[in-house]
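The structure under discussion appears below in the form of C-alpha cells.
Computed from the coordinates by the stated procedures, all read-outs in this text should not be read as laboratory data. Note that the structure is predicted; figures quoted are calculated from it, not measured. Using ideal geometry, Cβ is built from the backbone for each residue, glycine included, and neighbour counts are taken over all protein chains shown.
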Amino acid sequence: MPSSFAFRLLSKDSIPDAVKKAERYRLLGEPDEAESVCLDILQVDPDNQVARVDLILAISDQFGRERRPRVDLAMKIVGELTDEYQRQYYEAVVLEREARAHIDLDTPPVLVFLRYCEAMDRFASAASIRPPGDDSAIIRWNACVRAIRRRQMQPGLDNEEYEDAWPRNGQ
C-alpha cells in the first residue's frame with residue numbers, strides 16, 4: 001500500500017478537540033465520520049473511555065443504514081468499558097438500537113419484541129446501579145415501552161423457536 005494511504009497519528013494534545021469533533025459529527029448525522037475520529041483517538045489513547053462510548057454510539061447510529069448491523073463490534077467495544085454501569089447501559093443501548101433498526105428490515109416482529117425485552121432487562125440492571133442523578137437507563141426503558149406499545153408488539157406463542165433465528169453479522 002502506498003505510504004500516502006497510511007494512517008497518520010493524532011498528537012496527544014489534540015485529543016480533547018478530536019473528542020469534540022466526534023461528538024459534533026454524530027450530532028450532524030455523520031456517524032461514519034465520528035467513527036473514524038474515534039478510531040484515530042483510540043489509536044493514540046487506547047484507554048480513552050469517552051472516545052470508546054462515542055465509538056459505540058457512532059457504530060450503533062449506523063445500524064439503520066446497514067443490512068447487517070455491526071452489533072458484534074459494538075458489543076465488543078462495550079465490553080472494553082471500565083465502568084460497570086456504563087457497560088450495562090451501553091449494552092442496552094446497542095440492543096435497543098438493533099431492535100429499532102430491524103423494524104424496517106422485514107425482521108419478524110416477535111424477534112424485534114424479544115430484542116427490546118433484552119434491552120429493557122439490561123436497562124433495568126443498569127438502573128439498579130446508576131449513579132445518583134443519572135436516570136438515563138429509566139428514560140431508555142420508557143422509550144422501549146413506548147416503542148413496543150406504539151407498534152403493538154407482543155411475545156410469540158413460542159419464543160424459544162426464535163432465540164437462534166436472530167440475524168447476526170456474517171450470517
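Listed values, structure above:
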{"read-out": "Residue-span extension gain [Asp134 to Asp83] - 0.36 nm each, minus C-alpha spacing", "value": "16.9 nm"}
{"read-out": "Cα-based helix-to-principal-axis angle, 15-27 vs the chain, degrees rounded to 10", "value": "40 degrees"}
{"read-out": "Cβ-based net charge around Arg122, under 10 Å, with every Lys or Arg adding one and every Asp or Glu removing one", "value": "-2"}
{"read-out": "Potential extension, Arg65-Phe5 segment - 0.36 nm per residue separation minus Cα distance", "value": "19.0 nm"}
{"read-out": "Degrees separating the helix 84-103 axis from the principal Cα axis of the chain, which is the longest one", "value": "70 degrees"}
{"read-out": "Qualifying chymotrypsin sites (Phe, Trp or Tyr not before Pro) for region 51-112 [loop in DSSP, other Cβ within 10 Å: at most 15]", "value": "none"}
{"read-out": "Convex hull volume per residue in cubic angstrom - Cα atoms of region 1-68", "value": "107 Å³"}
{"read-out": "Net charge contributed by nearby residues that have their C-beta within less than 11 Å of Thr82 (K/R +1, D/E -1)", "value": "-2"}
{"read-out": "On Cα atoms only, tilt of 49-61 relative to the major axis of the chain in degrees", "value": "50 degrees"}
{"read-out": "Point-to-point label distance, Gln154-Glu33, nm (Cα→Cβ direction, 7 Å offset)", "value": "4.6 nm"}
{"read-out": "Loop-located trypsin sites (Lys or Arg not before Pro) in region 11-94, at most 15 other Cβ atoms within 10 Å (DSSP)", "value": "Arg67"}
